[in-house]
Amino acid sequence: MNPYLEKSAFSPLKDEAFFKQLYIRDDVVCWSNDIDIAAERMWTDSEPVTEHWTYP
């Protein structure tokens, strides 16, 4: 998610409470404010997890 958070359209996702309000619509991860990311995009941009991560 980090590359997306640098873009102003996705900056609300930096707020943990807002981030947790996600929902799925037609295989797309969505939030209010018309923020969404297609599952295919997340898959192609994903990186392997090599350590435990917690929200900052």
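Every number here is computed from the coordinates shown, using simple stated rules; none is lab data. Everything numeric here is computed off the predicted structure, so don't read it as measured data. We place every Cβ from the backbone using ideal geometry, glycine too, and count neighbours over all the protein chains shown.
Structural remarks
- Residues of the chain were split at every exposed loop site, defined as trypsin sites (Lys or Arg not before Pro) in a DSSP loop with at most 16 other C-beta atoms within 10 angstrom, and the longest piece left, sites excluded, is 21-56.
- Label point at Y55 placed 7 Å out along Cα→Cβ; residues across region 7-46 whose backbone nitrogen lies under 16 Å: 11-24, 30-32
- Sparse packing (at most 12 other Cβ atoms within 10 Å of the Cβ) combined with a DSSP loop state is found for the following GluC sites (Glu not before Pro) in the chain: E6, E51.
- Cα-derived Rg over Rh, computed across region 2-45 with Rh taken as Kirkwood radius: 0.94
- Value of relative contact order over region 2-45, rounded to a whole percent, pairs C-alpha under 8 Å and six or more apart: 22 percent
- For the chain, the dipole from Cβ point charges (+1 on Lys and Arg, -1 on Asp and Glu) about the Cα centre works out to 140 debye, to the nearest 20.
- Per DSSP, loop chymotrypsin sites (Phe, Trp or Tyr not before Pro) in the chain with at most 15 further Cβ within 10 Å: W53
- The length gained on full extension between A39 and N2, counted as 0.36 nm times the residue separation minus their Cα-Cα distance, comes to 11.7 nm.
- Table column - 3J(HN,Hα) (Hz), region 19-34, Karplus curve with 6.51, -1.76, 1.60, x for Gly and Pro: 4, 5, 8, 5, 8, 10, 9, 6, 6, 10, 7, 10, 9, 5, 6, 6
- Helices in the chain, meaning DSSP H runs of at least 4 residues, each add -39500 (n - 2.57). Divided by all residues, the mean residue ellipticity at 222 nm is -5000 deg cm²/dmol.
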